[in-house]
Structure formats: C-alpha cells, structure tokens
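The values are calculated or read from the model by the stated rules, or taken from the named source; none is laboratory data. Quick caveat, the model's predicted, so the values are computed rather than measured. Quick reminder, even Gly has a Cβ in these numbers, built from the backbone with ideal geometry, and neighbours come from all protein chains shown.
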Amino acid sequence: MKWKQIEAHRVALNQILVWLLLLLACSFGARAQAAVSHIESVGFTVSDMDRALDFYTRVLPFKKTSDTEVWGAEVEALSGVFGARVRVVRLQLGGEALELTEYLTPQGRPIPVTSRSHDRWFQHIAIVVSNLDRAYKSLRRHKVRYASTAPQTLPAYLKPAAGIKAFYFKDADHHVLELIEYPPDKGARKWRELAKNKGKLFLGIDHTAIVVADTEKSLEFYRDLLQMKVSGESENYGAEQEHLNNVRGARLRITSLQTPQAGIGVELLQYLAPNDGKPFPQDTQANDLWHWQTSFASAGLNGLVMVFERQKINSISSGIVAIETKSLAPKKGALVRDPDGHAVRVVE
C-alpha cells in the first residue's frame, strides 16, 4: 500500500512538473511575441493647442502632420478620463514624431510651479542639434523659459558623456525639453550624417528621459518586459551636471535603452543625490499637464497585454481599445504605467 501511495505521489509530481514547464513555455512564447519594435511617438498633454503649435512650429521647426478631434466611449476607455473630448496633433521633426493632446473636456491640472528635475514625474525629449550655440541663440531670440542655468559641456572625467553639449528649456506649459549636441565620437551615426548638412540645425529626437527611483526595478519593465536593450550607462556629477539639471548636488545614474529598430530611445535617470525628489502623484490622470506617454509599436499587442496582466502592471486604459477614425494614428492600443508612474502606450 505504501509503495502504491509513493508511486501515486510520483505520478502527480511529474504531472505538476509537466504543467509548470508548459506554463513557462507559454509565458516565454508570449513574451517573445510581445517584444516592441520601436517607439512610435512621444507625447504629452497641453493646455492650449494653438499656443503649443505656435511654439513647436515657429520657435522649433516641427511640422504638423495631422490634427484630429475625437471623443466617445473608446477615448474614455483608452485615456481613463471620463467625458474626454480631445484634440490630438501629431508633429514631425526629422524621422521622429511628437504627439500633443489637448483635453477640451475635462481640463486637467497644471504642472506644479515647484516642479524640479529630480521629481519622479519629470520627463523630457532630447532634440539633437548640429550646433548648440546657434540653437541656443535662436531660443534666446524667442525668449524661451530656462530650465538649465545655461548651456553646459560635460567634462572629460565623465568619459561616457564627455564633450556632450546640452541645455534644458521649457514650453509655455512648463514641459521640459533638451537641446543636445553630440561630439564626433558619441551619439547615433545618423546624427553625424545629418550634421554634415551645414544648413540643418535641428535634426530630430534622440530619446525621452524619465526620472526613476530604482534603475533595476525599471529595467525589469523596459528591458525584461518590453525587451529593450541597454545601449549605454554613465554616472554623471559635477558642476556642469548640476547646472544642466538645475539641481544642487545632482549625481545621476543614467541608463540608455534602445528598441530593435533604430529610433527614439529611453533614458533612465536615477538621482543618487539628492534623494528628496517628489514621487509621482497617485491621482494623476491623462488630462493633467505633467502627463507624458511614450508609445511603443508591437506586432504582439495582445500577448504583451497578457504579460502586463500577469505581472500586475498598473493599467490606465480598460485593456486594449480600438478607436475608429480615418485620421488618428495609431488606432488600437493600451495604456499602462511603469514602476514609477510614467505612462507607456503600446500600439499595434
């Protein structure tokens, strides 16, 4: 009798082991299908679209590619905002896209006037220029708001970043933008090729940067779930970095990630010091002006959303939402939050 019980337990354990292996294989398969291919756009919420367009097409040389007004149950489901009626404008600079959204109803909250570069809701896009001095003078002529003290050149002792020139500034809603000029030995090859065109000053969007509390935890999301690749790492500090971010004593762990297809990357900014940055407001909605969203394209949208659900990723949208419109792209997607609260949209 005892041997029969042992044999029965052995069979049961074997069945459990087979079931676990099948579950693991299915999970791996779902993740393999769910890999993102590229960043389709980066976007944020604005308070006045006409004013924003004046800034992005006159002060900066973005080109408008579409202008759409949408509303209805699908818009509410995707944004998580009840009663949402939105005007969405897509802009192009080089080969990259910027998406601006104005909530005609209901309007959200402004970016806090006390917002700092090390607060967790901080996000920006880095616009590559061929000559930072010329681009900075252009911004000064238009009297833009400063975020950096002045343009900075990162010093030689920061080897991964040495020679990079950068400057932070703000639009009318206080969204932070960066101008960046790469030295010949740094940056993507396409920027060096585009910079050879002497008449072209603003070249495109290199990356979007987000402040994170814990790089390793963020890598679990962007590297392990979205399957981005780490393309560079640096620890930046010193007077130049402090004045670039306008944060006294700033010391940052910077991790760059790239999708399989070349395009906009993601830069994780973990402030090792100071550590008093404010957390992402838990009651944030997509109509609040500090709401940014990074949109990833994926051929396996369904599989990726299954992975999000299995990993208990915080969702903004009601699952996958399809919006029927001729001019709005993308038309199908899901909106979730990363470990720090930054919005990530996956589109098909």
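On the stretch given as region 318-348, residues that are at pLDDT 90 or above and under 17 Å from the mean Cα position of the chain (by Cα) total 15.
No other residue among 286, 297 is surrounded by 15 or more Cβ atoms within 10 Å (Cβ to Cβ), more than 17 Å from residue 46 (Cβ to Cβ) and touching a residue at least 24 places away in the same chain (Cβ under 8 Å) apart from 297.
Of everything in region 172-187, what is part of a loop (DSSP other than H, G, I, E, B), within 29 Å of residue 116 (Cβ to Cβ) and either in contact (Cβ under 8 Å) with a residue 60 or more places away in the chain or among the charged types (D, E, K, R) (or both)? Give them in sequence order. Don't jump to the end; show me each part of the working.
If we filter region 172-187 for residues that are part of a loop (DSSP other than H, G, I, E, B), which is where we start, we get 172-175, 182-187.
Still in the running and within 29 Å of residue 116 (Cβ to Cβ): 172-175, 182-183, 186-187.
Scanning region 172-187 gives 172, 173, 174, 175, 186.
Only one entry in 280, 296 is under 23 Å from residue 114 (Cβ atoms) and either charged (D, E, K, R) or in contact with an Asp or Glu (Cβ under 8 Å, 6 or more places away or on another chain) (or both), namely 280.
Being among the aromatic types (Phe, Trp, Tyr), out of contact with any Asp or Glu (no Cβ under 8 Å at 6 or more places or on another chain) and modelled with pLDDT of 95 or more is true of residue 62. The set of residues from region 249-277 being assigned to a strand (DSSP E or B) and closer than 15 Å to residue 187 by Cα comprises 254, 255, 256, 257, 258, 265, 266, 267.
Within region 42-64, the residues that satisfy the criterion of being of a type in the set (A, V, I, L, M) and under 19 Å from the mean Cα position of the chain (by Cα) are 42, 46. Note on region 206-237: residues that are in a strand (DSSP E or B) and of a type in the set (Ser, Thr, Tyr) amount to 4.
Residues in region 202-221 that are over 30 Å from residue 280 (Cα atoms) and either modelled with pLDDT under 95 or out of contact with any Pro (no Cβ under 8 Å at 6 or more places or on another chain) (or both): 1 in all. The set of residues in region 177-201 being within 20 Å of residue 40 (Cα to Cα), of a type in the set (A, V, I, L, M) and modelled with pLDDT of 95 or more consists of 177 alone.
For every residue, the table says whether it meets (1) farther than 16 Å from residue 292 by Cβ; (2) surrounded by fewer than 22 Cβ atoms within 10 Å (Cβ to Cβ).
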| site | (1), (2) |
| --- | --- |
| 68 | yes, yes |
| 80 | no, yes |
| 84 | yes, no |
| 87 | yes, yes |
| 95 | yes, yes |
| 100 | no, no |
| 104 | yes, yes |
| 119 | no, yes |
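Residue 44: among the aromatic types (Phe, Trp, Tyr), under 15 Å from residue 286 (Cβ atoms), at pLDDT 95 or above and part of a loop (DSSP other than H, G, I, E, B), yes or no?
On the way: among the aromatic types (Phe, Trp, Tyr): yes; under 15 Å from residue 286 (Cβ atoms): yes; at pLDDT 95 or above: yes; part of a loop (DSSP other than H, G, I, E, B): no.
Considered against the rule, which asks whether it is among the aromatic types (Phe, Trp, Tyr), under 15 Å from residue 286 (Cβ atoms), at pLDDT 95 or above and part of a loop (DSSP other than H, G, I, E, B), residue 44 comes out as no.
Okay, residues lined up against (1) charged (D, E, K, R); (2) out of contact with any strand residue (DSSP E or B) (no Cβ under 6 Å at 6 or more places or on another chain):
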| site | (1), (2) |
| --- | --- |
| 71 | no, no |
| 74 | yes, no |
| 78 | no, no |
| 85 | yes, no |
| 96 | yes, no |
| 100 | no, no |
| 104 | no, no |
| 109 | yes, yes |
| 116 | yes, yes |
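The set of residues from region 130-168 being of a type in the set (Gly, Ala, Ser) and surrounded by 12 or more Cβ atoms within 10 Å (Cβ to Cβ) comprises 130, 135, 138, 147, 148, 161, 162, 163, 166.
Tallying residues that are out of contact with any helix residue (DSSP H, G or I) (no Cβ under 7 Å at 6 or more places or on another chain) and not in a helix (DSSP H, G or I) within region 47-62 yields 4.
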